[in-house]
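> Input: one structure, supplied below.
No lab work stands behind these numbers, since they all come straight from the coordinates. What you are looking at is a predicted structure, and each value in this text was computed from that prediction instead of being measured. Quick reminder, even Gly has a Cβ in these numbers, built from the backbone with ideal geometry, and neighbours come from all protein chains shown.
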Amino acid sequence: MQLFRQTAHELHSLLINKEISAVELNEAVFDRIASVEEKVGAYLSRIRERALERARVIDEQIRKGEKILPLSGIPVAIKDNMCTDGITTTAGSKILANFVPPYSATVVKKLDAAGAVMVGKTNLDEFAMGSSTENSAFFTTRNPWDTSRVPGGSSGGSAAAVAAGEAVCSLGSDTGGSIRLPASFCGVVGMKPTYGAVSRFGLIAYASSLDQIGPFTRDVTDCALMLNIICGHDPLDSTSADFQAPDYTQFLINDVRGMKIGVPEEYMAEGIAPEVHGLIRKALELLESLGANVEYTTLPHTEYALPTYYLIAPAEASSNLARYDGVRYGLRAEDSEDIIDMFMKTRSQGFGSEVKRRIMLGTYALSAGYYDAYYLKALKVRTLIKEDFDRAFEKYDLLVSPVSPTTAFRIGEKTDDPLQMYLSDVCTISVNLAGIPGMSVPCGFAGGLPVGLQLMGRHFNEGTLLRAAYTFEQNTSYHKEFPAL
Amino acid sequence: MISKKDVDQVALLGRLELTGEEKEMFTRQLNDILEHFRFLERLDTTDVQPTAHVLPLKNVLREDWPGQHMSREDALANCPDRDEDYFKVPRIV
């Protein structure tokens, strides 16, 4: 039995039946990391000793007959833009290469309290800005299904780690598709919960009105288990919603009869690769055959989402990234004449091209004379995009589309043209602008590469997504495929 | 059109020191990107309210409670330069 291929709920059964120990499980995952990490490059840092120490504590609890939690002893990976007390957190940037946070993000504390074992910090595009991990200041993560291709981004390391058996579950963050796109490219389940459903305390900010943390897992059941741990109000995050998170496992029901599913025609238009289009249609036929009512609908402002996002997100980023000034933490440039010179040299040496490009774009969009034409205009169009969804959800329980117009692209294919790279996010960004939950579920393979089905729901309706995803999964076997590395 | 002079001005506002090569690249790319985004103008948004935030959250307040604060050492642990309990920076005036 290859332990590193199992889901968290399968491993939980093995642990409580004492068929395996948490130490054995974590060692199996570290062995797997040792054998494939050179090809994949999912991790920026690994935390073996601390992980095994934690695993021993869980084993002791099991030995004493104590009840352990569903994620107890399960190896999990954390995207390296979430602060981990005493463990280097880089955000994929040279400017934070040696930053050791003095506290942990709320999600990290919650996973810890739930008994999950953190095995390492995963690679990402610098400050989560990108769609491929090629913007990481350190290296590019490779897609486990074809190592000449990108894993998607920005949470590419977290997706690749789960796909390659280098972690059982992981956390990513999603500002414009950064969980769903890599989940789709790597053939795993990825969920961006409703804006405000998960605390962002300790998440290194990119665009604060859009950022949301969520899980990567091998199946929908594990996704629900992860949501059970991370969702809920946090007084330390003033944008966290004051709501009582349900037990998400109650939505794991194999039944979509009567569910009203809308398919926005704008997401199935030209530009979607024929093989992706075909798999999405096949998935819709399956959902229909299982009793869902599927019909085409419209989100008329879809074409405006991309420019809206790429004005709002860089504007917020230019403000959020002002804190990297070489004073309190991070890199400081040598040999400065005065403090302004020090700020400018530090930031120029510390940030990569894409980060500089977004700071430039955002600063321009916010500057005097252009604010109304760009930033304010984008905020108004955001309202129209949100209203499209409001109208659609009056009629439908769920919207379904592709996650990405294509399968994973080749490393280097889009690095010279930022606009082409931005277009990778065309199916995912509206969800962030509207603040609704979005999910990617494996729905087949095209040319040996995974394709993801995107599910979108009303605010705080993660349950409907889980139910549809679970039904789809129970009636397909794509999630059981494993890459040959 | 964004000129090279605009790029200089924006870089200064963003506290970025750009090389000559970067200035040229960003002038070209920002023009390409903003040109592509111009079709936003087609939408009439005169009567549309802007959305800065999607949740109906307003004036989020909580009880003020005594808690543990970060120690001075922890707060200073990552700083590139310090003078005892202060962050040290190059000359300001």
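> For the range A:414-428, take each phi angle, set θ = phi - 60°, evaluate the Karplus expression 6.51 cos²θ - 1.76 cosθ + 1.60, and give the result in whole Hz per residue in order, putting x for glycine and proline.
10, 5, 7, 10, x, 5, 4, 5, 4, 5, 4, 8, 4, 8, 10
> Quick one: among B:Arg82, B:Arg62, B:Arg28, which has the greatest mean-square fluctuation in a GNM of chain B with alpha-carbon springs under 10 angstrom?
Evaluated over chain B, the most mobile residue of the options is B:Arg82.
> Hey, another quick one. Partner chain Cβ atoms within 10 Å, averaged over the residues of B:32-42 - can you pull that number for me? Provide the component values of the computation, followed by the final result.
Values: counts 3, 11, 9, 1, 6, 12, 2, 3, 12, 2, 2.
Taking all residues of B:32-42 together, the mean is 6.
> What translational diffusion coefficient, to the nearest whole µm²/s, does chain A have by Stokes-Einstein, given a Kirkwood radius computed over alpha-carbon pairs, a temperature of 10 °C and 1.306 mPa s viscosity? Write down the numbers at each step before the final one.
Working: Rh = 22.2 Å.
Once the numbers are plugged in, D ends up at 71 µm²/s.
> Which residue, chosen from A:Met344, A:Gln250, A:Val355, occupies the Cα position most advanced towards the positive end of the dipole of chain A, where the dipole is computed from +1 (Lys, Arg) and -1 (Asp, Glu) charges on Cβ about the Cα centre?
The residue sitting farthest along the positive end of the dipole is A:Gln250.
> Could you tell me what percent of the DSSP beta bridges with both partners in the protein assembly as shown are antiparallel, to the nearest 5? Write down the numbers at each step before the final one.
Numbers: 31 of 46 bridges.
Close to 65 percent.
> Let me ask something else. Mind running the shape call on the range A:200-335? Use the C-alpha gyration tensor, a ≥ b ≥ c as the square roots of the eigenvalues: rounded below 1.5 for a/c, prolate if a/b tops b/c, oblate otherwise.
Here the range A:200-335 falls in the oblate category.
> Then there's this: Placing +1 on the Cβ of each Lys and Arg and -1 on the Cβ of each Asp and Glu in chain A, which of A:Pro274, A:Leu331, A:Leu25 has its Cα farthest towards the positive end of the resulting dipole?
Of the options given, the answer is A:Leu25.
> Whose amide H sits under 5 Å from the amide H of A:Val403, counting only residues 5 or more places off or on another chain, with H placed in the peptide plane?
A:Gly452, A:Gln454
> Counting only residues 5 or more places away or on other chains, whose amide H sits under 5 Å from the amide H of A:Gly120 once H atoms are built in the peptide plane?
A:Ile47, A:Ile78
> Order of A:Arg63, A:Arg180 from fewest to most other C-beta atoms within 10 Å? Mind dumping the intermediate values first?
On the way: A:Arg63 10, A:Arg180 33.
Fewest to most other Cβ atoms nearby, the residues stand as A:Arg63, A:Arg180.
> Which whole-Hz ³J(HN,Hα) couplings does the range A:442-456 yield from phi under the Karplus relation 6.51 cos²θ - 1.76 cosθ + 1.60, θ = phi - 60°, glycine and proline marked x?
Going residue by residue, I get x, 10, x, 10, 10, x, x, 10, x, 10, x, 9, 9, 10, 10 Hz, with x marking Gly and Pro.
> Is it possible to state the helix-based mean residue ellipticity at 222 nm for chain A, with each DSSP H run of 4+ residues giving -39500 (n - 2.57), the sum divided by total residues, to the nearest 500 deg cm²/dmol? What is it? Kindly include the intermediate steps, with their values, before the conclusion.
Numbers: 15 runs with 179 residues, N = 485.
Calculated from helices alone, the mean residue ellipticity at 222 nm is -11500 deg cm²/dmol.
> Work out the mean other chain Cβ neighbour count within 10 Å for the residues of A:303-311 and drop it here as an integer.
Details: counts 3, 5, 0, 3, 7, 3, 0, 4, 4.
Per-residue shielding by partner chains comes out at 3.
> With θ set to phi - 60°, apply the Karplus curve 6.51 cos²θ - 1.76 cosθ + 1.60 along the range A:114-130 and write out the HN-Hα couplings as whole Hz, x wherever there is a Gly or Pro.
The phi angles translate into 7, x, 5, 10, 6, 9, x, 10, 9, 6, 7, 5, 3, 6, 6, 9, x Hz.
> With runs of 4+ DSSP H residues as the only contributors, calculate the mean residue ellipticity of chain B at 222 nm using -39,500 (n - 2.57) per run, divided by the residue total and rounded to the nearest 500. Provide the component values of the computation, followed by the final result.
Details: 3 runs with 33 residues, N = 93.
Using -39500 (n - 2.57) per qualifying helix, the result is -10500 deg cm²/dmol.
> Which Cα, out of A:Gly262, A:Gly115, B:Phe37, lies furthest along the positive dipole direction of the protein assembly as shown (beta carbon charges, K/R +1, D/E -1)?
About the Cα centre, the residue reaching furthest to the positive side is A:Gly115.
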